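Chemist: So that we are looking at the same thing, I have put the structure below in structure tokens.
The values are calculated or read from the model by the stated rules, or taken from the named source; none is laboratory data. Not measured: the values here are computed from a predicted model. Glycine also receives a Cβ, built like all others from the backbone with ideal geometry; neighbour counts cover every protein chain displayed.
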Amino acid sequence: MRSSRILATFTALSLLACADSPSIIGSHVGASATDASAAFDQQVKARFPAGSDESALRAELVRERFVIIRDKDSPFRFSATYSASELFCRRDWIVRWDLNAGKIADISGKYWLTCAHDFM
């Protein structure tokens, strides 16, 4: 009985240790997904406002393990995505931006939270 509790505890801790940590730029978002998405958008716009250098944005996103792609299906030219998988939930952050002469012309941030119970 005791060994099965120890095994269960070890298994739970191991699974939790596998959870991805959130990106720094998106780590201070609120609890509800709607509020969190609005807060993330504000953080992105405050940290990298229109007119700022795109190379600083790219360097930050790469350092935080975002995946950057050219975004052909959006009014924005580029997008960067970061996903964190946890035990029953997945959190996604996306930053989209457009350029003008190497400077950020427009930028936005979006946050999604998807949990297993959302599919049931």
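Chemist: For the range 57-76, which residues satisfy the criterion of being aromatic (Phe, Trp, Tyr) and more than 17 Å from the chain's Cα centre (by Cα)? So that I can check it myself, show each step before the final result.
Modeler: So the first thing to find is which residues in the range 57-76 are aromatic (Phe, Trp, Tyr), and the list is 66, 76.
Scanning the range 57-76 gives a single hit, PHE76.
Chemist: Is it the case that ALA84 is surrounded by fewer than 12 Cβ atoms within 10 Å (Cβ to Cβ) and under 22 Å from ASP35 (Cβ atoms)?
Modeler: Answer is no for this residue.
Chemist: Any chance the range 15-22 includes a residue that's assigned to a loop (DSSP other than H, G, I, E, B), modelled with pLDDT under 95 and surrounded by 17 or more Cβ atoms within 10 Å (Cβ to Cβ)? Break it down stepwise before answering.
Modeler: Residues of the range 15-22 assigned to a loop (DSSP other than H, G, I, E, B): 18-22.
Of the ones still in play, those that are also modelled with pLDDT under 95 are 18-22.
Adding the requirement that they be surrounded by 17 or more Cβ atoms within 10 Å (Cβ to Cβ) leaves 22.
Among the residues of the range 15-22, at least one is assigned to a loop (DSSP other than H, G, I, E, B), modelled with pLDDT under 95 and surrounded by 17 or more Cβ atoms within 10 Å (Cβ to Cβ), which makes the answer yes.
Chemist: Which numbered condition in (1) closer than 20 Å to ALA105 by Cα; (2) in contact with a helix residue (DSSP H, G or I) (Cβ under 8 Å, 6 or more places away or on another chain); (3) modelled with pLDDT of 75 or more is the only one that ASP71 fails?
Modeler: Condition not satisfied by ASP71: (2).
Chemist: State all residues of the range 53-66 that are surrounded by fewer than 12 Cβ atoms within 10 Å (Cβ to Cβ) and closer than 18 Å to ALA84 by Cα; if no residue qualifies, say none. Spell out how you get there, then give the answer.
Modeler: Step one: of the range 53-66, the residues surrounded by fewer than 12 Cβ atoms within 10 Å (Cβ to Cβ) are 55, 59, 63.
ARG63 - this is the single residue of the range 53-66 that is surrounded by fewer than 12 Cβ atoms within 10 Å (Cβ to Cβ) and closer than 18 Å to ALA84 by Cα.
Chemist: Which of the residues spanning the range 87-104 are surrounded by 16 or more Cβ atoms within 10 Å (Cβ to Cβ) and among the aliphatic types (A, V, I, L, M)? Step through it out loud before you land on a result.
Modeler: Quick first cut of the range 87-104, residues surrounded by 16 or more Cβ atoms within 10 Å (Cβ to Cβ) only: 91, 93-98, 104.
Within the range 87-104, ILE94, VAL95, ILE104 qualify.
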